[in-house]
Each structure stands twice: as C-alpha cells, then as structure tokens.
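Have a look at the structure below before the remarks.
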Amino acid sequence: MKEAARAVKEDLASIKALTMLRAPFLGLLLGKMRIILDGKIDTVCATTAGEVIVNPFFWERLPGIEAKTFVLLHEALHLGFRHPWLARRRNRALYNLAADMVVNEMLFRHGYTGAPPPAVTAEMIHDTLRSRGVKVPLAELRRASVEEVYHLLARAATRSAGGTDGQNAGDLRERESNREGVVVQEGGCGGENPERYWQAAMPAALVAARAAGSVPADLARRVESSLRGQVDWRRALRACLREGTGRTVVTTWQRASRRYASLPGIKRLGVQTLWALVDCSGSIGDELLRRFISEIHALARAHSCTLEIIPWDAQAYPSTRACSPARVKVAAGRLRGGGGTVLRPALEALLQKMRSQDTVVILSDGYITDLEQPATLNLYRRVTGRAAQVVFVTAGKTCRLPKTKIIRLRP
C-alpha cells in the first residue's frame, strides 16, 4: 500500500499543477479534497464525510493522466455541488445517475474528455428516457440541472415494470465510521461540518479563480445557481397568494365614480375562487401531491376563498370543490392519470368556469408537450388577463410563462 500511496501522491501533484494552469477553479477544488486509498471499495466515491475514497488497484488500471484527472475532477465537483448530501432525500441510484451526467457533461464542455468507461453521458440518459416513453430534446437535456434530470429519470422509472433499485449507490456514499485506509492528501474539513465546509469552499474557489481571470461562464453560472438560498415553496406560495387574493373590489369605466365624475367607479366581485390545476400524469410523488393540496386548502380558508381542483394530464377531468379537510383527502386520492402532459384542455375547462380576479395555481413537472404551441399560449394569456394572480408551481423543469409567478417545488 505504501508504494501505491507514493505513486498516487506523485500523480496527484502533477494533476493539481496542470489543473491550476488550465482551470484554476477546478484546481482549487482539488486542493480542498481529503483523499484516502482503500481497497475495500470497487472504484472511487465521494462520501458525506466530505472526502474521496479511491481503490488503489482501480487507480493503477486507469489508462493515463487524462483519465486520472477526469476521475478526481468528477469527484471534486460532486463534493462541491454537495451531491452526496442532496442524494439523501431522493432515490440514491437515480440521483447518482443524474449527478454523474451533469458533472460529466460539464467536464466535456471544458475540454476534459478522458472519462473512463462506462461514463454516464447525455446521449445515454436520452436513450434511456426515450425507451421508457419520456421524450426530451437532447440539447435541452445537456443544459438541464441535476434536479431536472433526476425528475425525468424518476418519471421514467415509474413507467418501467421494476423501477430502479434505490440502494445502488454508485459513487455517492454515506460516511462510514470504521473507514480504514491511507490518506494521500489531507485537505478536508477537519472538525467542521463536512457539508458546510464544501458549501463554503465553492464560493471561495470561485472568488479566487475570478481574481486569476479564468472562470468559464457555464461553470460560474452552475456554481452561482447552486449557492442560491432555496426559499421554502410553502412560504413562496403564501406570498404569491397574498398578492392575488382579497381583490374583491376593482375599478371599472362602465360607470363613473360617485365622488369624481372624471374617474372610474368601483365594482364588487364577491367571494373569489382559488383554482388549482393539478398535473396527475404520475410525474409528481403521492406524498408531495398531498402536501401541496393540503397547503392550497389551508391558504384558501385563510383568505376566505373557494377551492376548486381541476386534475389534468392529456385531458382535463371534472373539477372537485374542496370545502373541508376530508374533501381534500378525497380529492388528493382521486388525482390519478396516466396519459401525457397537455395543458390546453385544462385551460379550456378553466376559462369556461373562472371569473374575473380569481387566482390560479398550476402544479406540474414542467414537461408539457404543448406549452409552446400558439393555441395553448393564447389560452394561457387569456387566463392571465382574467386572473388576479397566476402561479406556476413546478416539480421539475422551469418554464418561461407570461405574467406568472414561478415556484420550484422541492421535497
């Protein structure tokens, strides 16, 4: 093991020197990693202890310095983007696939092509999704975030007979208290919380690399996106509905003001309705769906609104009025579809029933096949023109929609 450790240290010194010249940001991340050699693991992994474990025999078999560089940068980005910790709340196997694809594609775009096979690529994920009936353009998949790719894979897994084994951890692992091995680079967080250490390491490396004047725009954008604080979706939804509800009095030119003849009068609208258009194509988990419906019902009661739920997938289903917690549970239990995801029928059903200044909340994964079609966009603009507020709550892809508040739904 001593000979293997010495060889790895020599390789590591060369890799860090070359990477600092080529991509200072990545070189700085490499220097922050604690690297341990351990023959008990299959290949290499990043753990929730904030360290990278490498099998020395796997390392020795790698074809050259390019492949070794790729492997270390791959694991460094996993730690930098906190993938081992984020995988805890998800199907670990699917999240590992999504994270591997995004990290690999990021390295490919920046000239690192020495990925040892079998590397997870956008083409591979694209073929897997297509074989299971989930269609997404390859160019869009390459630009997707880990969360978006994970959501697509989860959607595809629900359509397969066996699903995916969540215990297949890949190279994102939990901390092992009895870990043995040889440390070839100290780095790491010392006594600090590992996740907080890496959360702070990313902006520090970014600032230092920018001082050197060499941070690729794509990489900087990904890093900054990962550093943004995540606002709880319930809080964001409450804030949006506070803006839309309560508008029971509007101005109108149909009659003049009683006090000032040159100004418009007012019109009282009565009790508002809160419309919840819920995508029931199976792409959103049952527990998350129930929490969303319960939250919407609580907000409707707080603002003295009537709650109407319209389930939809490839078609719109009959609406349900949720006037009590018991009815909410019944409504959530009935939200079962299975078709595609087409918004136009739901918008048509909504326009037939909604009144001026009602509030509309749409829940979907964002992968809507007809969203960019002119007919659907025209209907959507009619809804936004009539509604007091339109909120789009997405559990996956973020869509660009006119006059709409966008909220990311997270578990």
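The values are calculated or read from the model by the stated rules, or taken from the named source; none is laboratory data. The shown structure was predicted, so the numbers you read here are calculated from the model rather than taken from an experiment. Cβ: placed from backbone, ideal geometry, glycine included. Neighbour counts: every protein chain shown.
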Can you go through Ala46, Ala7 and tell me which one is farther than 24 Å from Glu174 by Cα and either among the small types (Gly, Ala, Ser) or in a helix (DSSP H, G or I) (or both)? Ala7
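Filter region 206-239 for residues that are part of a helix (DSSP H, G or I) and at pLDDT below 65 and give the result. Reasoning before the result, please.
From region 206-239, those part of a helix (DSSP H, G or I) are 206-211, 217-227, 233-239; that's our starting set.
Those that are part of a helix (DSSP H, G or I) and at pLDDT below 65: Ser226, Leu227.
Condition first: touching a residue at least 60 places away in the same chain (Cβ under 8 Å) and crowded, with 18+ Cβ neighbours inside 10 Å. Now tell me which residues in region 5-21 satisfy that. I'd like the intermediate steps shown before the answer.
From region 5-21, those touching a residue at least 60 places away in the same chain (Cβ under 8 Å) are 5, 8-9, 12; that's our starting set.
Correct list: Val8, Leu12.
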Going through region 34-75 in order, the residues found to be closer than 22 Å to Val102 by Cβ and aromatic (Phe, Trp, Tyr) are Phe70
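Consider Gly114 carefully, then state whether it is small (Gly, Ala, Ser), surrounded by fewer than 20 Cβ atoms within 10 Å (Cβ to Cβ) and more than 23 Å from Val44 (Cα to Cα).
On the way: small (Gly, Ala, Ser): yes; surrounded by fewer than 20 Cβ atoms within 10 Å (Cβ to Cβ): yes; more than 23 Å from Val44 (Cα to Cα): no.
So Gly114 does not fit the description; no.
So is Asn104 within 20 Å of the chain's Cα centre (by Cα) and under 27 Å from Ala220 (Cβ atoms) or not? Talk me through it step by step, then tell me what you get.
Values: within 20 Å of the chain's Cα centre (by Cα): yes; under 27 Å from Ala220 (Cβ atoms): yes.
The answer is yes for Asn104.
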Top-ranked residue in region 329-368 [being in a loop (DSSP other than H, G, I, E, B) and either outside the structural domain of Leu299 (by TED's automatic domain parsing) or more than 28 Å from Glu148 (Cβ to Cβ) (or both); ranked as modelled with the lowest pLDDT]: Gln357
Considering (1) touching a helix residue (DSSP H, G or I) at 6+ places or on another chain (Cβ under 7 Å); (2) more than 20 Å from Ala122 (Cβ to Cβ); (3) surrounded by fewer than 24 Cβ atoms within 10 Å (Cβ to Cβ), say which one Leu29 fails and leave the rest. (3)
For region 117-134, give me each residue that is surrounded by 13 or more Cβ atoms within 10 Å (Cβ to Cβ), assigned to a helix (DSSP H, G or I) and among the hydroxyl-bearing types (Ser, Thr, Tyr). Thr128
I need the full set of residues from region 375-411 which are under 12 Å from Asp365 (Cα atoms) and buried (at least 19 other Cβ atoms within 10 Å of the Cβ), in order please. Phe392, Val393, Thr394, Ala395, Gly396, Lys397, Ile407, Leu409
Considering residues of region 50-76 that are among the acidic types (Asp, Glu) and within 27 Å of the chain's Cα centre (by Cα) only, the residue surrounded by the fewest Cβ atoms within 10 Å (Cβ to Cβ): Glu51
